[in-house]
Amino acid sequence: MRFSLWSRHSALETSALVAFLFPLFSCSHRTPIAEYGSGLSLGRRATSREVICSWNRPQSALFRDTIFIDGGTLTWQITGEDGKTITNSSTHLHFHPTQAYRKAQSIRSNDGKTAIQSTPKPDTNMGTDFKNGFMLANDFQFIIYGGYLEYGDKDPSIGPVWSLARDMVQNGETPLRDPPKYRTLTLEKITRYIAAGGSVNVPSENKAYVFSGATGRDWGEFYAPTSAPDDAIATYNSSNLISVDMSTMGSEKWDNKTIPSGIPARKNAEVVWLPIGLQGTLVVIGGALNRDLAPYRSDITDEQKTMGQSFIDNVHLYDIANDKWYTQKTSGDDKPPATSEFCTSYAASQDGKSFQIYAYGGWEDFSSVPTNSNPPSANVYVLSLPAFKWIKVYNDNDSTHGRRGHRCHKVADNLMMVVGGALMSNGLCINEGIVKMFNLNTLKWEDKYDPAVHDAYKVPEVVYKAIGGTEKGGASATPSSWNSSEIQDLFGIKYTKTIKNYWPYQSVSGPSTNPPVVNGTFVPDPNKSGNGMPSYVPPLLGAILGLLVLITVLCAILFCLRRKRAERRRLQSDSAASTVRKNRQTWSWLLGVYGDEKRGQQEWPEPTPSTEPPNPFDASAVGSPMREEQTKPIETAGRQLYEMPDTSVAQELYSAPASQRRVTISEQVTEIREDPQNKISAANE
């Protein structure tokens, strides 16, 4: 396939889903490199190879059993004879956690299909790609909101209240169009000019939230800082919490609330929703105070660095039901540094008494040079609540797994899937592939993924030793001091609404490469024999047997047709023979000759030579019976001929013995000549 920056003026209209191969290899060099938007084109050079090098800050959302990915800065490493690319269509990409893959570097599934696919976007302004925006979703639809464009791609039709939605599953009485279509929607109380904020989806509440982020002057328009003039870049941090209520599809309700001054505005923070309180609680972690979207700056102040670390030392909580913010101090001997552009997922203990927020990657974002002396982190930390304690659970000293600007999604109770990411600059390829899987129980990176292999979440040993209890729960640690007793009370309020998880996913890629694991117990796979037969053997045998059956059926049909044809020919031959036989009998009757073939084939003794003078009426002495002068009946073997009444005078028959030879129609019939003097008729003995 060929991939390039999408231009809506050259978008390719195609079917809803176009599968494509997604080879992901470890990259250690930079050339040739091409940086594009998130679009891709269809086609393939036989001599070329395209590898995703990095994907910085895309929008993504876990929608039931599909992770949708859009926008951001997608960079390809292209190897070919000419190293060229072709600009073509724009698409969404989506990854199916229902398909297994064998290695983190490759997204080809176990059955040879691909887990990552593309969905073309409309050939209108609805197909526009935005960078560093948000994908807000519930279990029925998703909305693409915010983000920014390159200055050269500015479009007057995309105004301040423009946004894009895609309805996926019917919610309400209004039926959906098939297939689901995109639609534009008009924003209320807000503008679309927001980027690099912290966002979170809450499907159980049919809501989504965007915390702070970067915006233009007076919430005005802005574009990529590398291409826009100074008055068209996002130099201000938003002090707002934006929310959308998607309870009624097509009638979304937007809200915009000001964040208290004690909660610092920032960009690229992470927001996690926890089932604490009547409507849940938002937890805001990390972020940076850079006042624009430049990837690095030369004027970072000590105050900004100090404030960046304070977003780790203190976390901010928002009680949704009571519309109230709190700040709580954290503890821990090994806290992460000031970090932004990382990703998070949470897992609750089996007894529901503790919540572990896993934070992976990110960087300090305070470098003054493009090479960044502080490369993206490869470490994984856990912030355990309500202990509010940081624990380092994975240490990668060589930064093999480091990245920033990526997204995390929980695809099983014990699995966190990482999508996208970049290194110090987009032109440096990330290691270990664009999709990675971290096991929340074993605290290890997995080299394969199979939806049939999963486990109940168990608090890791390094965590429960710090907070108390066991792998199943029972945490007893609390902060040394609560910043507010209301925070402690908030953790005592149980969330009563149903949180629907669509995992464990049913595998659609054939038999699993490993036996499924449920709650730590291996469960035999009924689709896989116990003799270790490779997964490709059953379908191969089925195809061969099916082909043999088809060949057998075709041979049987051909045999029947040939047999019927032979039978038809035999019947036609018998009919013709019968017709000939009947014709012969008719001639025999007309000629007075007995035409029985069997009797006609019987040999008769030759007449005894006689010394008598020849009898002119002897049948053996005359010529052919078919002469024109024949007018009298002829003698025929074995039958009598009766003389019709006549006026002639009967004469005495010649007393010579009559010939004993019998005659059939197949032999020469002897003509009985008429005696012109006597005029008598021959009589048969």
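The values are calculated or read from the model by the stated rules, or taken from the named source; none is laboratory data. Predicted model only: the values in this text are computed from it and were never measured. Every residue, glycine as well, gets a Cβ built from its backbone with ideal geometry; the counts of neighbours run over all protein chains shown.
Some values worked out for this structure:
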{"quantity": "Where a residue in segment 393-405 is of a type in the set (S, T, N, Q) and its partner, wherever it lies, is surrounded by 22 or more Cβ atoms within 10 Å (Cβ to Cβ), with Cβ under 6 Å and at least six apart", "calculated": "395/379"}
{"quantity": "Complete set of residues in segment 308-354 that are at pLDDT 95 or above and among the hydroxyl-bearing types (Ser, Thr, Tyr)", "calculated": "318, 326, 327, 330, 331, 344, 345, 346, 349, 354"}
{"quantity": "Residue check for residue 300: aliphatic (A, V, I, L, M) and either at pLDDT below 95 or within 28 Å of residue 134 (Cα to Cα) (or both)", "calculated": "yes"}
{"quantity": "Segment 250-272, residues that are within 39 Å of the chain's Cα centre (by Cα) and surrounded by fewer than 21 Cβ atoms within 10 Å (Cβ to Cβ)", "calculated": "250, 251, 253, 254, 255, 256"}
{"quantity": "Residues that are in contact with a Lys or Arg (Cβ under 8 Å, 6 or more places away or on another chain) and assigned to a loop (DSSP other than H, G, I, E, B), drawn from segment 170-220", "calculated": "180, 181, 188, 196, 197, 212, 213"}
{"quantity": "Residues (among the aromatic types (Phe, Trp, Tyr), over 14 Å from residue 250 (Cβ atoms) and touching a helix residue (DSSP H, G or I) at 6+ places or on another chain (Cβ under 6 Å)) located in segment 145-200", "calculated": "193"}
{"quantity": "Selected residue [over 12 Å from residue 354 (Cβ atoms), buried (at least 19 other Cβ atoms within 10 Å of the Cβ), at pLDDT 95 or above and under 29 Å from the mean Cα position of the chain (by Cα)] from 439, 414, 431", "calculated": "414"}
{"quantity": "One residue from 457, 495 being within 38 Å of the chain's Cα centre (by Cα), surrounded by 13 or more Cβ atoms within 10 Å (Cβ to Cβ), at pLDDT 95 or above and farther than 19 Å from residue 414 by Cβ", "calculated": "495"}
